[in-house]
Structures are given as C-alpha cells and as structure tokens.
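Asks: I have a structure I would like to understand better, so I am pasting it below and will then ask my questions one at a time.
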Amino acid sequence: MGIPMNVFELTLTLMKIQSTSGEEEAVGFFLRDHLESLGWNVELQAVSANQNNVIATLTDTPRVWLSTHMDTVPPYIPPSEDDEKIFGRGACDAKGIIAAQITAAEKLRKEGVEDIGLLFTVEEERASTGAKAANLHPIAAKCEYLINGEPTDNDLAIGSKGTFRLNIKTSGKAAHSAYPEEGDSAIEKLLDILEDVRHTRLPNDEFFGETTVNIGTISGGMALNVIPPSAEAGLRSALRQNANRSRTRSEISFAIAARSRCFRRASRCECLRSMGLAKRSFVLRPTSRIFRTGANRY
C-alpha cells in the first residue's frame, strides 16, 4: 500500500502536471499509479489517442461516485503558495477538487464504506467528451448517485448552464491592398457579422440568468498588403440547455443570415455549428432566405 498524501500535498503534485484540455495523458497516468498504490482498482478509459478517463473502484457495486475533471483552461500556470492559499492553474478548477475527493474517499474507506467510485474525466473545459464516454461505460449503470466537483464557493449547485459553440468562416477575394476595389475583404464581412451577433437579443432564464456569448478566437488574412480572402471566428454561448437552446441557435443563425444578404458581392459563409460533437455546415448567400444544409431541416 502506498503512503497517502494529505490534501495539500496532492493538490500541489497534481498542479505541477500540465493538463490543459487535450493534454491530460500525464495527469491520468499519475492518478492511475497513485490510486493503485492506495489499493484501488483503476481503469483508464480511452477517449482519444492521448486522453483517458480515470475510473477507480473498490468493489464491483459502486453506488456513489465522486467525480470531476482533470483538464484545465490554458495557459498553464505552475503552482505557488503562501501561508493560507495555493495559487495556480487548477487550484480550484479542478486539481484541488480531485485531491479533496480522493482524501474524502480514503476517509470513507477507513470507516468501512467501499461502495464508492472515483471518476476523473478529460476535455470538460471544451466539449465534455470524457463525460460522454463515461456515460457509455457499462459501470455507469451501477451509479445511483454522483457528486460532481466544481468551484462553487462551497455552495450546493442544483443546475448549470449548457454550451452552444459556433465557428463562423467568411470568404472573400484576395487582391493587393493598393487596389482594394479588386478584392473583397473576408475580415470586414466577419466583423459585420460579429457586430450583429453582439447586438442580438438572446433569451434569459429566471433561474440561470442571461444567455451570454463570448467571441473567443478570431483569425484570418494573409499579409498587411493583401485584401484578406478568408477569416474565421470561434464563439461560445452559455445558456440554459433545454428551453433556450433552440431559440439562441435560431437568433444567432438569423443574425448571420440577415447580414449575409447585405454583403456587397455574392459570398460564401460557412457556419460550423457544434452542439456536443455534432457539426453541420451552412451555406449563406446574399439572396438566400433559408439555410441550405445537408439535412432536411435545421
């Protein structure tokens, strides 16, 4: 049997392992080895080529699970501490939570409670692919209760907003910047679309509050002296998962479609809509009034 680390030692050890989304392999290996040294039965559930959920049990009938995620948002910030607090990426979201859950599980185990499980997932910060894979695992059927760890200021959370992600791509025509009339700027088109999206009224929820949209990434162009022929932006909307999802999607989509009809020249704008792992391509043209998609309806 290994020697357990206290919650602070374990938190700092985990934080020293970089595990931004997509790079969780090393921290997963560490948790596997650490939990096995404590006597847990550990399985690495493959989610991608270099991503594994960590599933740990003591018996064949785990009823109650403690779960959180191993990935963090970028950039990596190494840990530091003072007399009262630990600082750095993952201190509260969620390396500290992993350490707290393992410490709590070990305490329950010493009291004779063994129908518990530990689940640490990958990719929570982007698409929750780890959680989706865990739901498909046969052992999920044995779960009666799951306590999910997130930084909530020690308040019990009973709900959470969902996520709606979009990539918006615009196309133009390249030309030398000395002759702008010969080109068609994809960046200007994208800026117009984003301005409309920013001013689109989105649904609110009495419990969860307002729906928000973050324009998280923008890229495009070739050089300072070239009219940009392509541009792209990535958006993330936080919203109530059920009632407001369709309305939010429709409001943003119609804002994009309306702007496409105002473009000076015929253009092509692809909107890759991602809800979970699903993606669909939309072709928008200045004269179009509806989406033309690969499916029968939107």
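Asks: Could you figure out which of (1) in contact with an Asp or Glu (Cβ under 7 Å, 6 or more places away or on another chain); (2) over 25 Å from Asn154 (Cβ atoms); (3) among the hydrophobic types (A, V, I, L, M, F, W, C) isn't true of Phe87?
Replies: Only one criterion in (1) in contact with an Asp or Glu (Cβ under 7 Å, 6 or more places away or on another chain); (2) over 25 Å from Asn154 (Cβ atoms); (3) among the hydrophobic types (A, V, I, L, M, F, W, C) is unmet by Phe87, namely (2).
Asks: Now, a different point. List pairs: first in the stretch 81-110 and more than 21 Å from Ala56 (Cβ to Cβ), second among the hydrophobic types (A, V, I, L, M, F, W, C) and surrounded by fewer than 23 Cβ atoms within 10 Å (Cβ to Cβ), Cβ under 6 Å, 6+ apart or cross-chain?
Replies: Matching pairs, first to second residue: Gly88/Ile77; Arg89/Ile77.
Asks: Residues that are among the hydroxyl-bearing types (Ser, Thr, Tyr), surrounded by fewer than 18 Cβ atoms within 10 Å (Cβ to Cβ) and assigned by TED's automatic domain parsing to the domain that holds Phe254: list the strands (runs of 3 or more DSSP E) wholly contained in the stretch 130-242 that include at least 3 such residues.
Replies: Passing ranges, in order: 212-220.
Asks: Return yes when Thr103 is part of a loop (DSSP other than H, G, I, E, B), polar (S, T, N, Q) and out of contact with any strand residue (DSSP E or B) (no Cβ under 7 Å at 6 or more places or on another chain) and no when it is not. Step through it out loud before you land on a result.
Replies: Details: part of a loop (DSSP other than H, G, I, E, B): no; polar (S, T, N, Q): yes; out of contact with any strand residue (DSSP E or B) (no Cβ under 7 Å at 6 or more places or on another chain): yes.
No, not satisfied.
Asks: Taking the stretch 155-177 as the region of interest, how many residues are more than 18 Å from the chain's Cα centre (by Cα) and either at pLDDT 85 or above or among the acidic types (Asp, Glu) (or both)?
Replies: Counting residues in the stretch 155-177 that are more than 18 Å from the chain's Cα centre (by Cα) and either at pLDDT 85 or above or among the acidic types (Asp, Glu) (or both) gives 11.
Asks: Next question, about the same structure. Please indicate, with yes or no, whether at least one residue in the stretch 10-18 is in contact with a strand residue (DSSP E or B) (Cβ under 7 Å, 6 or more places away or on another chain), in contact (Cβ under 8 Å) with a residue 24 or more places away in the chain and farther than 23 Å from Cys143 by Cα.
Replies: yes
Asks: Out of (1) of a type outside the set (Gly, Ala, Ser); (2) free of Cβ contacts under 8 Å to residues at least 12 places away in the same chain; (3) in contact with a Phe, Trp or Tyr (Cβ under 8 Å, 6 or more places away or on another chain), what's the single condition that is false for Asn135?
Replies: Result: Asn135 passes all but (3).
The values are calculated or read from the model by the stated rules, or taken from the named source; none is laboratory data. Computed from a predicted model, the values in this text were never measured in an experiment. So basically every Cβ, Gly included, is an ideal-geometry build from the backbone, and we count neighbours across all protein chains shown.
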